[in-house]
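Each reported figure results from applying straightforward, stated rules to the coordinates on display, with no laboratory input. What you see is a predicted model, and the numbers here were worked out from it, not measured in a lab. Virtual Cβ from ideal backbone geometry, glycine too; neighbours counted across all protein chains shown.
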Amino acid sequence: MTMQVLIATMNQKDHSLLDRMNIQTDAIVGNQCDRNEIEVFKYKGHMIKWLNFDECGVGLNRNNALFRATADICILADDDMRFVDGYPAIVSNAFSQNEAASVIVFNINDNGKRYKNKKVTRIYQWNYAKYGAARLAFRRENVLLNGISFNLFFGGGCKYSNGEDTLFLKSCLDYKLKICAVPEAIAHIDDTRISTWFQGYNDKYFFDKGVLFCVLNRKLCKINAMYHCWKHRKKYTDYGWVRGFYQMHSGIDYAKKQYQVR
C-alpha cells in the first residue's frame with residue numbers, strides 16, 4: 001500500500017517544512033509563492049515533489065497535489081501539523097481494518113477545539129460537516145474515478161472564506177463513497193498560528209456561510225442555517241446569532257440568484 005502526504009502551504013523559502021512536519025512517507029508539497037517551479041528530490045529515502053506556483057487559493061493548491069498524486073493512499077495536511085512517529089503504519093492499518101472505506105477521518109491532537117473520534121464510526125450526510133481536510137486520508141483512485149476534487153470558490157485565498165473541505169466530504173458522500181472515522185491520531189497541530197482566512201464573526205463570515213450552506217443543500221439551506229446559528233449562539237454573542245442568520249440568509253439568496261444553485 002503506497003502512501004503520499006499532500007501538503008498545502010505558502011511562501012516556503014526552503015525544504016525545512018519536511019523536518020518540522022516529521023514527514024515519513026512520499027509527499028507532494030503545494031507551495032503557493034512568487035515563482036513557478038517544480039522540484040523533485042529524495043528526503044530520508046522518500047520521494048518529494050515540491051510544487052512552487054505563483055497563485056492563491058487552498059482548493060487550487062490541494063488540487064494541484066491531488067492531480068499529481070500516484071500513491072494508493074493520499075493523506076491531506078496543512079503546514080501547521082506535525083505527524084506522529086509511525087503514522088504510515090497507523091494509516092495503513094486503518095485501511096486494512098476498514099477495507100470498504102474509501103475515506104478515513106483520523107484524530108488530530110490539539111487544545112481540544114476539534115472533535116475527537118472515540119470509536120470507529122460511519123460518517124453520513126448528517127455528521128460529516130464537523131471534520132476538516134487536514135485529518136483525512138483516502139483511496140486516490142476511488143476519489144478521482146468519481147471526478148471528486150476541491151471547489152475553487154471556497155477556502156483560504158478564495159472568494160468565499162471557508163468550506164472546501166466540507167464540500168469535498170459532501171461530494172464523497174454524494175458519490176456513495178464509504179467514509180469512516182477512527183480514534184487514532186496521526187498528527188499534532190499548532191493552534192497558536194493566526195488564521196489566514198478567519199477575520200472574526202463579521203458580515204463576510206456569515207454571508208460566506210450562507211453561500212456555502214446553499215451549495216451544500218439548496219432545499220434545506222435556510223433550515224440548516226437557522227439551526228447552525230442557534231446551535232453556536234454562545235460563540236456568536238458579540239455579533240448576535242439572529243443577525244448572523246439574516247446575514248446567512250442574504251448569502252443563500254445571493255447564491256441562488258447569482259449561481260443558479262439547484
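Nearest 500 deg cm²/dmol is fine: what mean residue ellipticity at 222 nm does the chain get from its DSSP H runs of n ≥ 4 alone, each adding -39,500 (n - 2.57), divided by its residue count?
Helices in the chain give a 222 nm mean residue ellipticity of -9500 deg cm²/dmol.
If one computes the Cα centroid of region 65-79 and of region 156-232, what distance in Å separates the two points?
21 Å
Hey, what did the chain get for relative contact order, percent, Cα under 8 Å, at least 6 apart?
18 percent
Compute the angle between helix 203-216 and the longest alpha-carbon principal axis of the chain, please, reported from 0 to 90 degrees and rounded to the nearest 10.
On a 0 to 90 degree scale, this one is about 80.
I want to verify a result. In a Gaussian network model of the chain, Cα cutoff 10 Å, which of these has the top mean-square fluctuation: Asn31, Asn127, Asn107?
Per the Cα network of the chain with a 10 Å cutoff, Asn127 tops the list.
Would you list Met10, Met81 from fewest to most Cβ contacts within 10 Å?
Met10, Met81
Order 185-191, 35-41 from most to least packed using the mean count of other Cβ atoms within 10 Å.
In decreasing order of mean packing, 185-191, 35-41 become 185-191, 35-41.
Can you give the extra length, in nm with one decimal, that the chain gains between Phe41 and Asn202 once fully stretched, where that is 0.36 nm per residue apart less the Cα-Cα distance?
Gain on stretching Phe41 to Asn202: 53.6 nm.
Quick check: pseudo-label points 7 Å beyond the Cα along Cα→Cβ at Met1 and Leu145, how many nm apart are they?
The answer from the label model is 1.7 nm.
Using a cut-off of 18 Å between alpha-carbon atoms, which aspartates and glutamates can reach Lys222, once sequence neighbours fewer than 8 places away in the same chain are excluded?
The reachable aspartates and glutamates, counting only those whose Cα sits under 18 Å from Lys222, are Asp203, Asp208, Asp253.
Quick check on the exposure proxy: order Trp126, Trp50 from fewest to most C-beta atoms within 10 angstrom.
Trp126, Trp50
How tilted is helix 221-231 with respect to the longest principal axis of the chain? Cα atoms for both, answer in degrees (0 to 90, nearest 10).
Orientation of helix 221-231: about 80 degrees from the principal axis.
Holding the Cα-Cα limit at 29 Å, pick out from Lys178/Lys204; Lys113/Lys178; Lys176/Lys234; Lys130/Lys234; Lys13/Lys176 the pairs that are longer than that.
Lys178/Lys204; Lys176/Lys234; Lys13/Lys176
Counting DSSP beta bridges in the chain, what percent are antiparallel, to the nearest 5?
40 percent
For a paramagnetic label modelled at 7 Å from the Cα of Tyr175 toward its Cβ, which residues of region 110-146 fall within the zone defined by backbone nitrogen distances under 16 Å?
137-146
Give the calculated FRET efficiency between Arg233 and Val84 to the nearest 0.05, with a Förster radius of 45 Å applied to their Cβ-Cβ distance.
About 0.80, to the nearest 0.05.
Hey, for a label at Asp34 modelled as a point 7 Å past Cα toward Cβ, could you say which residues of region 45-61 have their backbone N under 16 Å away?
52-56
Suppose every Lys and Arg Cβ carries +1 and every Asp and Glu Cβ carries -1, with no other charges. What dipole size does region 3-189 come out with about its Cα centre, to the nearest 20 debye?
Roughly 700 debye for region 3-189.
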